[in-house]
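The values are calculated or read from the model by the stated rules, or taken from the named source; none is laboratory data. Computed from a predicted model, the values in this text were never measured in an experiment. So basically every Cβ, Gly included, is an ideal-geometry build from the backbone, and we count neighbours across all protein chains shown. Note: accessible area is taken over every heavy atom of the protein model, side chains too, but ligands, DNA and RNA are not part of it. Shrake-Rupley method; radii C 1.70, N 1.55, O 1.52, S 1.80 Å.
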Amino acid sequence: MKYRNISNYFADALKKMGLEEIPEIAFETPKNADHGDLSTNIAMQLPKMLKKPPRAIAEEILQNIEADDEVIEKIDIAGPGFINIKFTPKYYSAELEAILNKAADYGRQDVGKGKKTIVEYVSVNPTGLLHLGHGRNAAIGDTVSNLYDWMGYDVTREYYFNNAGNQMNNLAKSIYARYMQIIDSPEFPFPEDGYHGDYIKTIAQDIVDIESDKYIAGSDDDIAALRKAGELWAFDKIKATLGRMNINQDNYFNEDSLYSDGKIENIINEFKNKGLAYEKDDALWLKLSEMGLQDDRVIVKSTGEPTYRLPDMAYHREKFERGFDVIVDLFGSDHIATIPDVLTGVKSLGYDTDKVKVLIHQFVTLMENGEQVKMSKRTGKNYTLDDLLDEVGEDVVRFFLIMRGINTHLEFDLDLAKEQSDKNPVFYLQYAHARLCSIFDNAIDKDINIDDKADLTLLVDKSEISLIKTLMKFPDYIRLSCDKGEPMILAEYLRDLAAAFHVFYHNCRIIGSEEKLMQARFKLAAATKITLKNGLDILGVSSPERM
RNA sequence: GCGCCGGUAGCUCAGUUGGAUAGAGCAACAGCCUUCUAAGCUGUGGGCCACAGGUUCGAAUCCUGUCCGGCGUACCA
């Protein structure tokens with residue numbers, strides 16, 4: 001008794017009308033409830049094929065359709081040719097029963113059964129603390145991973161990082177300068193492009209405290225030791241911050257391993273063997289212009305070091321080799337330019353890049369007192385993700401960072417986030433859950449027995465039906481949210497669900513109603529609690545029992 | 001210059017891939033608590049969907065052009 005069957009009724013009717021190829025029949029829930037429970041515009045898609053006006057086609061469909069009275073209460077034509085369907089209470093009670101049976105698994109699907117997916121997110125190099133932009137990446141990435149999990153995929157959550165290279169040298173030099181300023185002279189010069197954040201001073205002080213003047217000479221070994229200390233410190237903090245957001249990734253992939261395992265070497269050779277690479281000005285170029293892109297790009301610099309593109313390609317190839325069916329990359333919009341290069345390169349090696357799903361999210365601006373808080377690396381005064389977690393808590397952070405479409409520039413309103421009140425949208429959802437819990441607490445307090453069986457066809461009030469309808473949509477929204485890589489879709493749905501519940505709660509008393517109706521309403525409340533909890537779990541937001 | 005993303009209510013944003021009267025939260029205003037949590041519910045006001053053309057039964061949505069904002073456009077990652 002799902003929409004699929006409804007669609008079959010229509011397909012059969014269209015067959016009887018002599019249509020050979022049955023087009024996809026799209027259903028939607030009308031915005032206006034008076035238009036019925038479900039609506040299709042199929043009659044308006046067919047005038048060209050059938051050479052008849054839409055309304056005439058709709059009438060013909062209605063004559064040919066064999067509707068099941070158990071399921072469909074009413075079916076009629078409206079407006080320019082919409083066909084509107086109204087379901088029976090029995091249909092709804094059966095759907096509600098199904099939700100209760102699935103319980104904690106309600107919403108889980110098997111679309112991805114037997115398939116492996118990897119979601120790469122966060123992936124910041126260990127040179128400092130996470131800021132809000134990273135937080136957005138982390139929250140979206142983790143939610144998308146959860147969505148794939150609920151769709152039945154075997155999900156690997158991966159963090160890709162590089163602890164070598166220029167940025168890390170820069171970190172090492174910055175730490176050395178701060179170290180020398182403490183132990184030797186406050187006048188010791190700070191590097192031009194160094195990391196100005198106060199955390200560098202903290203790292204340096206820690207080293208001074210433990211190892212005193214051990215590294216004062218500043219030899220290559222000393223610098224290497226400081227770099228390692230900085231890396232460990234930063235990684236520790238990053239993982240701790242992610243942990244606070246309930247994010248624990250499965251795998252940390254080190255870019256270095258691509259070199260040590262010969263993967264970089266291999267990919268260079270393969271490009272050469274395929275005649276896709278050539279030397280110019282002492283550098284090695286990839287012939288991207290012959291693969292449909294605008295310009296050729298350098299993959300190995302004249303210094304002998306690869307550019308970032310090469311390890312990126314090798315890394316993607318590695319993901320293919322590990323046998324993933326879906327490869328999700330989540331990047332901030334500043335990485336956008338490199339993606340076509342990397343994908344084109346990997347494709348030229350014979351991999352199916354359609355498996356790669358690149359998600360790009362826009363930046364975050366932090367607003368406080370109506371003004372933008374600058375988050376520049378240079379200023380040193382850096383508003384970190386930890387600062388935000390301290391101020392507003394992990395639930396608010398996770399929710400705020402996914403509640404807008406990933407393609408829109410996110411304005412993070414610190415004042416709104418800090419507000420512990422009805423203005424804060426995340427509490428609206430959590431409050432619904434807390435209210436539900438308190439209904440059941442009350443039943444226990446009052447020694448009310450909750451029957452296992454209840455006559456769910458008694459649920460006929462407008463707000464009851466509306467709530468059931470909303471509950472039924474949950475799996476569809478998980479799928480939609482996953483397909484589009486848009487956690488916001490699920491967040492919006494949960495807001496709708498909470499709203500439908502609040503209206504039901506307001507209109508329909510549970511405890512105190514006539515016994516049979518009360519029992520049916522307990523069931524509805526239980527299904528709502530399950531669905532809300534499952535949805536909040538996917539978003540990584542807690543479901544409090546009391547507020 | 002070129003590429004990607006965006007421009008919808010006073011503010012922040014949705015808009016189910018072209019459908020019925022363009023929605024929600026916040027802000028403003030007016031109601032609803034002796035009964036399961038008022039962090040809630042109900043109602044009112046608020047729109048040249050950036051602008052100009054085009055495509056068709058039908059456009060916020062698709063196509064072209066223009067304007068505005070963000071991010072890129074390296075032998076930096």
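Is it the case that some residue within region A:366-375 is at pLDDT below 90, near RNA strand B (Cβ under 10 Å from one of its atoms) and over 30 Å from A:Lys272 (Cα atoms)? The answer is yes, given that some residue of region A:366-375 is at pLDDT below 90, near RNA strand B (Cβ under 10 Å from one of its atoms) and over 30 Å from A:Lys272 (Cα atoms).
Listed here are the residues, each with its yes/no results for (1) in a helix (DSSP H, G or I); (2) touching a residue at least 24 places away in the same chain (Cβ under 8 Å); (3) surrounded by fewer than 24 Cβ atoms within 10 Å (Cβ to Cβ); (4) on the phi > 0 side of the Ramachandran plot.
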position	(1), (2), (3), (4)
A:Asn125	no, yes, yes, no
A:Gly135	yes, yes, no, no
A:Gly141	yes, yes, no, no
A:Tyr160	no, yes, yes, no
A:Asn163	no, yes, yes, no
A:Leu171	yes, yes, no, no
A:Ser174	yes, yes, no, no
A:Gln181	yes, no, yes, no
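Checking A:Leu410, A:Leu401, A:Leu414 one by one, the residue that is touching a strand residue (DSSP E or B) at 6+ places or on another chain (Cβ under 8 Å), near RNA strand B (Cβ under 8 Å from one of its atoms) and open to solvent by less than 20 Å² (accessible area, probe 1.4 Å) is A:Leu410 and no other.
Okay, residues lined up against (1) of a type in the set (Asp, Glu); (2) buried (at least 20 other Cβ atoms within 10 Å of the Cβ); (3) in a helix (DSSP H, G or I); (4) within 13 Å of RNA strand B (Cβ to nearest atom):
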site: A:Ile450; (1), (2), (3), (4): no, no, no, yes
site: A:Asp476; (1), (2), (3), (4): yes, no, yes, yes
site: A:Phe504; (1), (2), (3), (4): no, yes, yes, yes
site: A:Ile511; (1), (2), (3), (4): no, no, no, yes
site: A:Ala525; (1), (2), (3), (4): no, yes, yes, yes
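Do we have any residue at all in region A:424-435 that's outside any helix (DSSP H, G or I) and more than 25 Å from A:Ile530 (Cα to Cα)? For region A:424-435, residues outside any helix (DSSP H, G or I) and more than 25 Å from A:Ile530 (Cα to Cα): absent. Quick check: anything in region A:114-122 within 15 Å of RNA strand B (Cβ to nearest atom) and open to solvent by 10 Å² or more (accessible area, probe 1.4 Å)? Checked against the condition, which is being within 15 Å of RNA strand B (Cβ to nearest atom) and open to solvent by 10 Å² or more (accessible area, probe 1.4 Å), region A:114-122 yields at least one hit.
Look at region A:76-101: where a residue is away from RNA strand B (no atom under 16 Å from the Cβ) and a partner is basic (Lys, Arg), sitting 6+ places away or on another chain with Cβ atoms under 7 Å, you get A:Leu96/A:Lys523; A:Leu100/A:Lys523.
The rows are residues; the columns are (1) of a type in the set (Val, Ile, Thr); (2) touching a Leu at 6+ places or on another chain (Cβ under 8 Å); (3) assigned to a loop (DSSP other than H, G, I, E, B).
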{"position": "A:Tyr278", "(1), (2), (3)": "no, yes, no"}
{"position": "A:Thr303", "(1), (2), (3)": "yes, no, yes"}
{"position": "A:His316", "(1), (2), (3)": "no, yes, no"}
{"position": "A:Phe324", "(1), (2), (3)": "no, no, yes"}
{"position": "A:Val346", "(1), (2), (3)": "yes, no, no"}
{"position": "A:Gly350", "(1), (2), (3)": "no, no, yes"}
{"position": "A:Met367", "(1), (2), (3)": "no, yes, no"}
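One line per residue, one yes/no per condition, for (1) open to solvent by 40 Å² or more (accessible area, probe 1.4 Å); (2) touching a Gly at 6+ places or on another chain (Cβ under 8 Å); (3) free of Cβ contacts under 8 Å to residues at least 24 places away in the same chain:
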site	(1), (2), (3)
A:Phe10	no, no, no
A:Met17	no, no, no
A:Ile22	yes, no, yes
A:Thr40	no, no, no
A:Pro47	no, no, yes
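Of all residues in region A:295-317, those satisfying the criterion of being within 7 Å of RNA strand B (Cβ to nearest atom) and either surrounded by fewer than 17 Cβ atoms within 10 Å (Cβ to Cβ) or under 12 Å from A:Pro340 (Cα atoms) (or both) are A:Arg297, A:Val298, A:Lys301, A:Ser302, A:Thr303, A:Glu305, A:Tyr308. Screening A:Asp34 on (1) open to solvent by 30 Å² or more (accessible area, probe 1.4 Å); (2) modelled with pLDDT of 75 or more shows it passes everything except condition (2).
Per-residue answers, yes or no, for (1) loosely packed, with under 14 Cβ neighbours inside 10 Å; (2) part of a loop (DSSP other than H, G, I, E, B):
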site	(1), (2)
A:Pro189	yes, yes
A:Tyr195	no, yes
A:Tyr199	no, no
A:Val208	no, no
A:Gly218	no, yes
A:Arg227	no, no
A:Leu232	yes, no
A:Phe235	no, no
